[in-house]
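Derivation of every value follows stated rules applied to the coordinates shown; laboratory data play no part. Keep in mind that this is a model prediction, so the values were computed, not measured. Ideal geometry is used to build each Cβ from the backbone, glycine not excepted, and the neighbour counts take in all protein chains shown.
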Amino acid sequence: MFSFRIRPARGGMTVLAFACIATLPAVTRAQQQQAKADAPVFDAKGAEHIRNEYLADLDTVHVKIVALATAIPADKFSWRPAAGVRSVSEAFMHVASEWWFYGPRSIGGKEPADFGVPKEKLPALEKITSKAEVLDQLNKSWAHFAAQLKAADPAQLTGKYKPWGMTIDAAAFGMTGDLHEHLGQLIAYSRSVGVKPPWSK
């Protein structure tokens, strides 16, 4: 136990000094917590493995989704299970929009330079209804996403990265979970319009 006396300073500087000193522990703790949050979670080899598995899993999803889009007749692309629910073409184009925009961002990449304003482009994509155009968009968007995945530098994916501020495993789980859900949705759509998934026995 000890005590000390500080002489009052002019202009209230003593109060200011005490206020600054009192905030130092909180600032230090916040900096330590931020440094811990930003620290690498994987080494580059681990990040590369996750990236490659992410790509392999989504390539399987991509193949099946394109197979369904090819098998479903063009006149069924307007079918929807109920009012207010995405139609067949809208569901396919929603997937394409994820491959154009959200997929690349999940790996720290970007949409194409000519993509336009996302809040305008993403809804516009779901307005594409013809089978030929839908297939074209699925193929082109997947090619873009796959290229972004392959080009991602594992050394930049060892911790949290922009723009999502999460690690590669979290981003991969989030995107694959969502896209597998859409694959399941499209399988149900396919069977509802009388089309058996091509890979089913």
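Counting lysine pairs in segment 42-192 that sit 8 or more residues apart in sequence, or on different chains, and whose Cα atoms lie under 19 Å apart gives 20. Ranked by the mean number of other Cβ atoms within 10 Å of their residues, highest first, the peptides 155-167, 137-149 fall in the order 137-149, 155-167.
When you count, for each residue, the other Cβ atoms within 10 Å and take the mean per peptide, how do 102-114, 184-196 rank with the highest first?
Working: 102-114: 17.7, 184-196: 15.1.
My ranking of the peptides, most packed first, is 102-114, 184-196.
Here the Karplus curve 6.51 cos²θ - 1.76 cosθ + 1.60, taken at θ = phi - 60°, turns the phi angles of segment 96-108 into couplings of 4, 5, 5, 5, 6, 10, 6, x, x, 5, 5, 10, x Hz, with x standing for Gly and Pro.
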